[in-house]
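What follows is a set of notes on a single structure, which appears directly below.
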Amino acid sequence: MSQTSLKQKKKNENGMRQSKESLEGEKRKETEKSGVRLSNQGSQESLQKPDSRASVVRSQWSRTSRSPSTKPPSVEESRSRNTSLKLQNSSTTSRTSSTSPSQEDFPPPQASPEPSPPIRRKKYDAPALPEPESSIRRKKYEPPEAWAQSFGRDVRDNRNTLARDTPSDSRDSHVQPREYSRLTPTEWKAYSQLRTHYPTSIQMDLDCMSEMQQQKLQEEDEIDEAYWASVKLLYEKIPSSSRPRPPKPKNAITIAMSSRALFNMVDDRRIYEEEGLEKYMEYQLTNENVILTPGPAFRFVKALQHVNARLRDLYPDDQELFDIVLMTNNHAQVGVRLINSVNHYSLLIDRFCLTGGKSPIGYLKAYLTNLYLSADSEKVQEAIQEGIASATMFDGAKDMSYCDTQLRVAFDGDAVLFSDESEQIAKEHGLDKFFQHETLFENKPLAQGPLKGFLEDLGRLQKKFYAKDERLLCPIRTYLVTARSAASSGARVLKTLRRWGLEIDEAVFLAGAPKDPILVKIRPHIFFDDQMFHIEGAKKLGTITAHVPYGVGQKYHT
């Protein structure tokens, strides 16, 4: 062999060695960057064999072309080159055969031509599974919601596979599963209770702000606090508009009254009597926003509300209060005007009964009525016959000032608080027989009259104020105004009240004198009497009266 061919052979061998080393260094760097897993080595190398051989041949020819010799390679040079390629292929084949067959089952991702040295991993680090092609296609064409569900399903499947393939001893020895304490439903807390344990976003932002920004933020907070403080002060000055709930009927003292007793509806009544029901309803619908003026029972209702307010202050949870029910035979179309008038005067009347022309007396017992007040004497007489305390309301002919802080109720004695047995003797046998009868039966209590139950209700409420040491400031005051003589027949009356367990605040025995001057002095919110001539005299001086159509006196004074 010539000296020139030997030199050329040595040059080719040196070029091949350098190209091998440079290729292996580049492959090692690419392998470390990409982190090719052991499970994909065999498949990667099998796919990259043609490319690696071609790249080696290309690099050899490129180095050969740089040499000064322009002669084609000899037979020995080509033979030595084929031998080196065979050795290189045999080394890659042996490395590929050393990998486990289970790792060759997965499809390989894009990787470098040469295998990287094996990476040592901890026992508990599971190999990352490649993403199936079906999931990639599903991500591309499915909507975001479906992709999120499939992604969660793939993660769960991978976790289950990992738990199944990982030995139990390795999991127990290296990984301790985190245990979370489960709270019972009664121990769960709302976010408003838990948020105090975590820093708010404002606190975290303050750490990143400059001093000037923090000062500006603090000034803004102070301005906001001053604004809300002024708003709070404004609302505190405004009186509360909360409406107290009506008491339960079984505990309340129910007072039912008609619309004509509560409001002045004289003109409305005249339209009904002269033009008929249809014109009356049309008139009410046209004037439903026109407020009705107060009637004879208006001041009495206001005084009852004041007593309720005082009782609620002393006994907030007590249900024994006055409950006012507006019970009328008006049509339901009139109800809007009545509601507007009640709200205009701030009357606490929540229960309405509009019977549409039918008599409301049948509903009185259903409402557990203690007292019924109406401007219709026929309905009052019907209620008296049903055993319900009732009276016909009359307004005073003159305006009179009334006490706003105390409910004042005046009663006649016979045929009102008591029965009419003594009055029958006086009407049939004269006053001498009456005085003898009362002296003889002084220690025998009189039978009860129709308003005895209402006096008991008032006395029961009075005792609640007495229990709070408010006897002198009690908002209820009762009066007995009778034509009896104190010396001849007054003792039996007082002993009867004592036997009943009732206390009357003031007792006036007039011995036949007129009652209206005394009533003007008392100024009661309502005065009950069975004699119409006493009612007429009190009306002329401005007293609000209520006629009780009961007893023998109705035969002589109709």
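Results, tabulated for the structure shown:
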item	result
Members of region 485-500 found to be more than 50 Å from the chain's Cα centre (by Cα) and open to solvent by 10 Å² or more (accessible area, probe 1.4 Å), listed by number	SER485, ALA486, ALA487, SER488, ALA491, LEU494, LYS495, ARG498, ARG499
Pairs with Cβ under 7 Å, 6+ apart, first in region 469-486 and closer than 13 Å to LEU314 by Cβ, second in a loop (DSSP other than H, G, I, E, B)	PRO475/THR405; PRO475/GLN406
Filter result (in contact with a helix residue (DSSP H, G or I) (Cβ under 9 Å, 6 or more places away or on another chain), within 18 Å of GLY295 (Cβ to Cβ) and open to solvent by 10 Å² or more (accessible area, probe 1.4 Å)) within region 350-384	PHE352, CYS353, LEU354, ALA375, ASP376, LYS379
Breaking point among (1) open to solvent by 100 Å² or more (accessible area, probe 1.4 Å); (2) part of a helix (DSSP H, G or I); (3) closer than 21 Å to HIS344 by Cβ, for ILE223	(3)
Of the criteria (1) open to solvent by 60 Å² or more (accessible area, probe 1.4 Å); (2) closer than 27 Å to SER258 by Cβ; (3) in contact (Cβ under 8 Å) with a residue 40 or more places away in the chain, which one PHE533 fails	(3)
Elements of type strands (runs of 3 or more DSSP E) in region 350-422, at least 1 residues being under 37 Å from the mean Cα position of the chain (by Cα) and at pLDDT 90 or above	351-354, 369-374
Test set (1) of a type outside the set (Asp, Glu); (2) open to solvent by less than 30 Å² (accessible area, probe 1.4 Å); (3) touching a residue at least 60 places away in the same chain (Cβ under 8 Å); (4) over 21 Å from SER377 (Cβ atoms) - GLY295 fails condition number	(4)
Subset of region 471-484 [part of a loop (DSSP other than H, G, I, E, B) and either surrounded by 15 or more Cβ atoms within 10 Å (Cβ to Cβ) or not aliphatic (A, V, I, L, M) (or both)]	ARG471, CYS474, PRO475, ALA483, ARG484
Within region 542-558, tally of residues that are open to solvent by 60 Å² or more (accessible area, probe 1.4 Å) and either in contact with a Gly (Cβ under 8 Å, 6 or more places away or on another chain) or of a type in the set (A, V, I, L, M, F, W, C) (or both)	1
Number of positions in region 501-521 that are under 18 Å from GLY490 (Cβ atoms) and under 52 Å from the mean Cα position of the chain (by Cα)	5
Boolean, LEU217 is at pLDDT below 65 and touching a Leu at 6+ places or on another chain (Cβ under 9 Å)	no
Residue within region 307-324 that is more than 25 Å from THR293 (Cα to Cα), in contact (Cβ under 8 Å) with a residue 12 or more places away in the chain and open to solvent by less than 10 Å² (accessible area, probe 1.4 Å) present	yes
Identity of the residue in region 447-468, in a loop (DSSP other than H, G, I, E, B) and of a type in the set (Gly, Ala, Ser), that ends up most open to solvent (accessible area, probe 1.4 Å)	ALA447
Residues (open to solvent by 90 Å² or more (accessible area, probe 1.4 Å), out of contact with any strand residue (DSSP E or B) (no Cβ under 9 Å at 6 or more places or on another chain) and outside any helix (DSSP H, G or I)) located in region 243-275	ARG243, ARG245, LYS250
Sole residue being out of contact with any strand residue (DSSP E or B) (no Cβ under 7 Å at 6 or more places or on another chain) and within 22 Å of ILE384 (Cβ to Cβ), chosen from LYS358, LYS302, LYS279	LYS358
Residue in region 395-410 that is among the β-branched types (Val, Ile, Thr), more than 18 Å from ALA297 (Cα to Cα) and open to solvent by less than 50 Å² (accessible area, probe 1.4 Å) present	no
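So that you can scan it fast, the table gives a plain yes or no per residue for (1) touching a residue at least 12 places away in the same chain (Cβ under 8 Å); (2) in contact with a Ser or Thr (Cβ under 6 Å, 6 or more places away or on another chain):
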site: TYR367; (1), (2): yes, yes
site: SER377; (1), (2): yes, yes
site: ALA383; (1), (2): yes, yes
site: GLY387; (1), (2): no, no
site: LYS398; (1), (2): yes, no
site: CYS403; (1), (2): yes, no
site: ALA410; (1), (2): yes, no
site: PHE418; (1), (2): yes, no
site: ALA447; (1), (2): yes, yes
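The values are calculated or read from the model by the stated rules, or taken from the named source; none is laboratory data. Model, not experiment: these values are computed from the prediction. Ideal geometry is used to build each Cβ from the backbone, glycine not excepted, and the neighbour counts take in all protein chains shown. Surface areas here come from the heavy atoms of the whole protein model, side chains and all, with no ligands, DNA or RNA. Shrake-Rupley method; radii C 1.70, N 1.55, O 1.52, S 1.80 Å.
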